[in-house]
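The values are calculated or read from the model by the stated rules, or taken from the named source; none is laboratory data. Bear in mind that the values here come from a model prediction, so they are computed numbers and not experimental data. Counting neighbours? That spans all protein chains shown, and the Cβs are built from the backbone with ideal geometry, glycine included.
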Amino acid sequence: MSVPLNPIPRAAVECRRVTRRFAGQAVLDGLDLDIAPGEFVALLGSSGSGKTTLLRALAGLDAVDEGQLRVPQALAAVFQEPRLMPWKRAWRNVALGVRGGEAKARALAALAEVGLQHRLNAWPATLSGGEAQRVALARALVREPQLLLLDEPFAALDALTRIRMHQLIISLWRAHTPAVLLVTHDVDEALLLADRVVVLAHGRIAEHMPIRLPRPRQVAHPGFQALRERLLSLLGVATDHPPAALHPQPLSRTAHP
Ligand SMILES: Nc1ncnc2c1ncn2[C@@H]1O[C@H](COP(=O)(O)OP(=O)(O)OP(=O)(O)O)[C@@H](O)[C@H]1O
Ligand SMILES: [Mg+2]
């Protein structure tokens, strides 16, 4: 029997008609979303639109009421706050949940990758916000995830630290090639990092916007501003018109079936 030379890889994430209700209100309402292996997707949407609800469902932290979710077994999530165990040193936080005798060596390697080889024995309370978030990233990386879920991981950081974190996340993504789903409120961050930006509105993905700008991305690139304006308009910012993403009509014909 012949074996296809280039079998089409299955999606890293498959969401089919996913519905999640709270007190009878559908926050996710028949949502469809696919993410390809190794694809970097940024998820935008107004506050309360259901971004964290979707991430928690994908991470297995919360159930859905209807529909199907398919995710790889090897997944890891990083949230806005680092969620480190205060009574464990940095490397022990990273090694948490890693089985086998190599747990410490793997934790040290992951901390080195995020530039924290000098803070292995630090207590979480002594870390800066950026350092703590890098420990959280190392803890995610050490699991060698095929899917990395990031829920506003840079939101609490100062502007300079954010820029450094952007560079770090891109180099880690290149080295480990997980699929990434990054929730952010920052349109520029989405455009600087993602292969595709998706917008969540009314419980569904209202827009899929592939970003074909060359990497490393530059805000000054002529194509950047046009995409930025389009996204801001979809989110109802910097426009006199009602938010397009909140318009009841479908916005994109490119949405996955
Ligand atoms: N456990 C819960 N019980 C009841 N309602 C919830 C629960 N979790 C989320 N919700 C509601 O679901 C809606 C979506 O919440 P979610 O946290 O997913 O929004 P979000 O898009 O992540 O917002 P933000 O950008 O502010 O983080 C909100 O109205 C929220 O109050
Ligand atoms: Mg949220």
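Look at segment 39-63 and say how many of its residues are of a type in the set (S, T, N, Q) and either assigned to a loop (DSSP other than H, G, I, E, B) or more than 7 Å from ligand 1 (Cβ to nearest atom) (or both).
Result for segment 39-63: 3.
Can you pull out every residue in segment 68-102 that is over 20 Å from Gly115 (Cα atoms) and within 16 Å of ligand 1 (Cβ to nearest atom)?
Once the filter is applied, which keeps residues that are over 20 Å from Gly115 (Cα atoms) and within 16 Å of ligand 1 (Cβ to nearest atom), segment 68-102 yields only Leu69.
Those residues that are assigned to a loop (DSSP other than H, G, I, E, B) and under 16 Å from the mean Cα position of the chain (by Cα), I need them from segment 159-216; list them, please.
If the condition is that a residue be assigned to a loop (DSSP other than H, G, I, E, B) and under 16 Å from the mean Cα position of the chain (by Cα), then Thr177, Pro178, Thr184, His185, Asp186, Ala194, Asp195, Ile211 are the ones that fit.
Assess whether Ala190 counts as being in the same structural domain as Lys51 (by TED's automatic domain parsing) and either within 28 Å of Gln117 (Cα to Cα) or out of contact with any Cys (no Cβ under 9 Å at 6 or more places or on another chain) (or both).
yes
From the list Val135, Val94, Val180, pick out the single residue that is at pLDDT 95 or above and either within 21 Å of Gln218 (Cα to Cα) or within 16 Å of ligand 2 (Cβ to nearest atom) (or both). Steps first, answer last, please.
Numbers: Val135 fails: either within 21 Å of Gln218 (Cα to Cα) or within 16 Å of ligand 2 (Cβ to nearest atom) (or both); Val94 fails: either within 21 Å of Gln218 (Cα to Cα) or within 16 Å of ligand 2 (Cβ to nearest atom) (or both).
Going through Val135, Val94, Val180 in turn, just one is at pLDDT 95 or above and either within 21 Å of Gln218 (Cα to Cα) or within 16 Å of ligand 2 (Cβ to nearest atom) (or both): Val180.
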